[in-house]
Amino acid sequence: MTRRDKWIPYGLVAPYILHFAVFVAFPVVFSVVLTFHSWNIISPMEFVGLANYTRLFKDRLFWQAIYNTLRFLIIHIPLQIVIALALAELLNRTIRGASFFRAAFFLPVIVSGVVVTILWQQLLGYNMGMLNRILTAISLPRVPWLDDPTVAMYSIAVMVTWKNVGLYVILFLVGLQTVPVQYYEAADLEGATSWQKFRFITLPMINPTIFTVVVLSTIGGFSLFIEPYIMTEGGPMNSTLSAVMYIYRQAFQYYHMGYSATLGFFFALLILFVVAIQKRYVEQEI
Amino acid sequence: MAEVRLKHIAKAYTGDSRVIQDVSIDVNDKEFVVLVGPSGCGKSTLLRMIAGLETITDGELFIGDRRMNDVPASERDIAMVFQNYALYPHMTVFENMAFGLKLRGLPKDEIRERVSKAARLLEIENLLDRKPKDMSGGQRQRVAIGRAIVRNPQVFLFDEPLSNLDAKLRGQTRIELQKLHRELSATMIYVTHDQVEAMTLGDRIVVLRNGDVMQYDTPLNLYNHPVNQFVAGFIGTPPMNFLSGRITDAGPLRFESPNQEVMIDLAETGYGNALKPYRGKTVVLGIRAESISHQPFTDRTFHRQPVVVEALENMGSETLAYFLVENQRFIARLSAEQNLSFGQRIDLFWDSTKFHFFDAQTEQAIQP
Ligand SMILES: Nc1ncnc2c1ncn2[C@@H]1O[C@H](COP(=O)(O)OP(=O)(O)OP(=O)(O)O)[C@@H](O)[C@H]1O
Ligand SMILES: [Mg+2]
């Protein structure tokens, strides 16, 4: 190798390193630095020590946002898994038009979240929403889908589930197809019912897929933002204020950049913690 | 009571092309029947139809007195050992064996008792806590058999259960399966393409070809009285030697190979009468390697054939000698003391009481 050749490998990885440094490493380091400062973008940064952290623990609205997000996840994750798995099971049988349904379920995944949200907003409106019109038509009382603090977050959870379910159906379909058919045949001969085969063979054998889906929808769920931002702006009574929305507000409405970074940092740790718990209790070795 | 009866069973996977044509077999209670045949002849298909894993296109299947065509696999009370064992990877050996019993809701004590009894029988008691992936092929195979026997089913089905084992283990397991069959005294149907396995295990053997039964008989009868050339060539190692030739038109009744390399007087072979109608026609002579000797027989008629030794395989206890007859390779099984060398000219003696003749057209055996 000549002297010049020695630099070629470095030259080749340089673009990636540069990209990583500018768009990943720097923001991470910078936001950690920010958590010890007060900064409103315009005036210079001011060192405040741990003040942002002590403020965080006393910030009731932030804890409310965390609570809201968890409330969302508690509905969203199980619903996502049960519906996606049930649909995948149905599609995995050789039913007619399976590929049509597969495409149909996947469509909302690729449609812009804003579009979906606006559509659902009209669906869920109290007076003119289609759902309530159907309810009144069959003489049932209207439901305040987005207008009642106890209901609104659950409505959003259902909507987000609907939007994402197609992606998880595909993941589950792949998982189901990796289970060798002979296990089902062996179970058949041992007298297993359909439910028993599902419970004792399918579920444990697709555990890796279930774990993947749990983690993906947890991370996706924690970043809940567009839907409440457009439909409810966090209301009513902050009941749909998600953690990410609150962090966004702190940064871009109040320009509390340091505090917002602190919230984000803490929030990332929380996600890490939740996923670690899931890894401990959901993942099983086959 | 668990005899298995197949009546004119047929199977088409797609459209009209039938992979099983018309199979009728009766398997008696407690009998060990082996299905044997070349790859793709439909052995697994037949077994899976009995198990209920494939639908039956035509014909009727009875187990005991019950017609099983429309009974789902889960209700047939049959256990099957798959070629790759199909042990549930997420369960321990104990859980694998207990699974079927648990599904039936048997009490825990009884499950434990039955599993440990089977484990003792198969000598796998020390493996009960292992997962399938932590065991050798032979051990998995035992567990698969264990899973079958704990349920005490009416019928056992085996689909090439030994094909993933090495030769030595295969031999051992074969003997253990025989023992197991005696101890359980259950009806067993066993699929293999290995005719040695078939001969050693089966009370009776079904020889299949292209979805048709060629012959259904005891191992000895298959060996001594094959009904056609296919069975004759399939059963026995090394395979039977075949040579086609003509029966003379007139004069003394003789078999003559095309270039007159082999000429056999038939008057004294016991085929004297049977071959008379074949005068002027082509037949196939069959003779097994073990019916050829390097010295004349003293107690029976024989045919003397001068040959040139082409190759030798010394097996220790015996020597396989290869030679050409009418440019076709023949094999003789000779005693090992012979001092033979390649290219040597020797006389070999063919036991003419062990000749087989087949109609060249229909391949059916000509009965003496
Ligand atoms: N699911 C299926 N769909 C269509 N054709 C099949 C199917 N299973 C088997 N066949 C065909 O049926 C014929 C018999 O197959 P089968 O598996 O019964 O053979 P086999 O005797 O068990 O062979 P081997 O010794 O190789 O296991 C083959 O020609 C095979 O291609
Ligand atoms: Mg097979």
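The values are calculated or read from the model by the stated rules, or taken from the named source; none is laboratory data. Note that the structure is predicted; figures quoted are calculated from it, not measured. Don't worry about glycine lacking a Cβ; one is built from the backbone with ideal geometry, like all the others, and counts go over all protein chains shown. Just the protein is used for accessible areas: all its heavy atoms, side chains included, with ligands, DNA and RNA removed. Shrake-Rupley method; radii C 1.70, N 1.55, O 1.52, S 1.80 Å.
In region B:76-99, how many are more than 16 Å from ligand 1 (Cβ to nearest atom) and over 20 Å from A:Thr193 (Cα atoms)?
Number of matching residues: 3.
Among the listed residues B:Met68, B:Met80, which satisfies the condition of being closer than 20 Å to B:Val143 by Cα, within 14 Å of chain A (Cβ to nearest Cβ) and open to solvent by less than 30 Å² (accessible area, probe 1.4 Å)?
Working: B:Met68 fails: closer than 20 Å to B:Val143 by Cα.
On inspection, the qualifying residue turns out to be B:Met80.
Give me the pairs: first residue in region B:192-203 and within 14 Å of B:Gly236 (Cβ to Cβ), second residue more than 14 Å from ligand 2 (Cβ to nearest atom) and open to solvent by 50 Å² or more (accessible area, probe 1.4 Å), beta-carbon distance under 7 Å, and six or more apart or on different chains, which are they?
These pairs meet every condition: B:Val196/B:Thr237; B:Glu197/B:Arg174; B:Thr200/B:Arg174.
So, in region B:2-41, of the ones that are more than 17 Å from B:Met68 (Cβ to Cβ) and open to solvent by less than 10 Å² (accessible area, probe 1.4 Å), which residue ends up farthest from ligand 2 (Cβ to nearest atom)?
B:Phe32
If the requirement is being in a strand (DSSP E or B) and modelled with pLDDT under 95, which of these qualifies: B:Leu340, B:Leu334?
B:Leu334
Restricting to region B:83-94, give me the number of residues that are away from every other protein chain (no Cβ under 14 Å) and touching a Pro at 6+ places or on another chain (Cβ under 7 Å).
We begin by selecting, within region B:83-94, every residue away from every other protein chain (no Cβ under 14 Å); these are B:93-94.
Filter again for touching a Pro at 6+ places or on another chain (Cβ under 7 Å), leaving none.
Here the count works out to 0.
Residue-by-condition table, conditions (1) farther than 16 Å from B:Glu261 by Cα; (2) free of Cβ contacts under 8 Å to residues at least 40 places away in the same chain; (3) open to solvent by less than 40 Å² (accessible area, probe 1.4 Å):
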{"position": "B:Val309", "(1), (2), (3)": "no, yes, yes"}
{"position": "B:Ile331", "(1), (2), (3)": "yes, no, yes"}
{"position": "B:Arg345", "(1), (2), (3)": "no, yes, no"}
{"position": "B:Phe349", "(1), (2), (3)": "no, no, yes"}
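Please state which of the following conditions A:Ala14 fails to meet, knowing it meets all the rest: (1) without any contact (Cβ under 8 Å) to a residue 60 or more places away in the chain; (2) under 30 Å from the mean Cα position of the chain (by Cα); (3) open to solvent by less than 100 Å² (accessible area, probe 1.4 Å).
It fails just one condition, (2).
Open to solvent by less than 70 Å² (accessible area, probe 1.4 Å) and under 28 Å from B:Pro219 (Cα atoms), is that true of B:Leu103?
On the way: open to solvent by less than 70 Å² (accessible area, probe 1.4 Å): yes; under 28 Å from B:Pro219 (Cα atoms): no.
No; evaluated as a whole, the condition is false for this residue.
Which ones in region A:101-132 are polar (S, T, N, Q) and part of a helix (DSSP H, G or I)? Don't jump to the end; show me each part of the working.
Of region A:101-132, the ones polar (S, T, N, Q) are A:112, A:117, A:121-122, A:127, A:132.
Across region A:101-132, the qualifying residues are A:Thr117, A:Gln121, A:Gln122, A:Asn132.
Return yes when A:Thr117 is within 14 Å of chain B (Cβ to nearest Cβ), open to solvent by less than 30 Å² (accessible area, probe 1.4 Å) and of a type in the set (Ser, Thr, Tyr) and no when it is not.
no
Tell me, which residue of region B:145-167 that is within 16 Å of ligand 2 (Cβ to nearest atom) and within 12 Å of chain A (Cβ to nearest Cβ) is least open to solvent (accessible area, probe 1.4 Å)?
B:Leu157
Among the residues of region A:66-101 satisfying the criterion of being charged (D, E, K, R) and more than 21 Å from the chain's Cα centre (by Cα), which is modelled with the highest pLDDT?
The selected residue is A:Glu89.
State which residue pairs qualify: first residue over 25 Å from B:Ser44 (Cβ atoms) and facing another protein chain (nearest Cβ under 8 Å) and inside region A:185-200, second residue of a type in the set (Lys, Arg) and surrounded by 20 or more Cβ atoms within 10 Å (Cβ to Cβ) in any location, beta carbons under 9 Å apart, and separation of 6 or more residues or different chains.
Note: no pairs meet the criteria.
Identify, please: which residue in region A:180-204 is of a type in the set (A, V, I, L, M) and farther than 15 Å from B:Glu95 by Cα and is, among those, surrounded by the fewest Cβ atoms within 10 Å (Cβ to Cβ)? Steps first, answer last, please.
First, the residues of region A:180-204 that are of a type in the set (A, V, I, L, M): A:181, A:186-187, A:189, A:192, A:201, A:203.
After this cut, where a residue has to be farther than 15 Å from B:Glu95 by Cα as well, the list is A:181, A:189, A:203.
On the way: A:Val181: 10, A:Leu189: 26, A:Leu203: 14.
If we take residues in region A:180-204 being of a type in the set (A, V, I, L, M) and farther than 15 Å from B:Glu95 by Cα, then A:Val181 is surrounded by the fewest Cβ atoms within 10 Å (Cβ to Cβ).
From the residues in region B:42-60 that are within 13 Å of ligand 2 (Cβ to nearest atom) and away from every other protein chain (no Cβ under 14 Å), which one is surrounded by the most Cβ atoms within 10 Å (Cβ to Cβ)?
In this case the residue turns out to be B:Leu46.
Restricting attention to region A:227-286, report how many residues are open to solvent by 20 Å² or more (accessible area, probe 1.4 Å), hydrophobic (A, V, I, L, M, F, W, C) and under 15 Å from the mean Cα position of the chain (by Cα).
Total meeting the criteria: 7.
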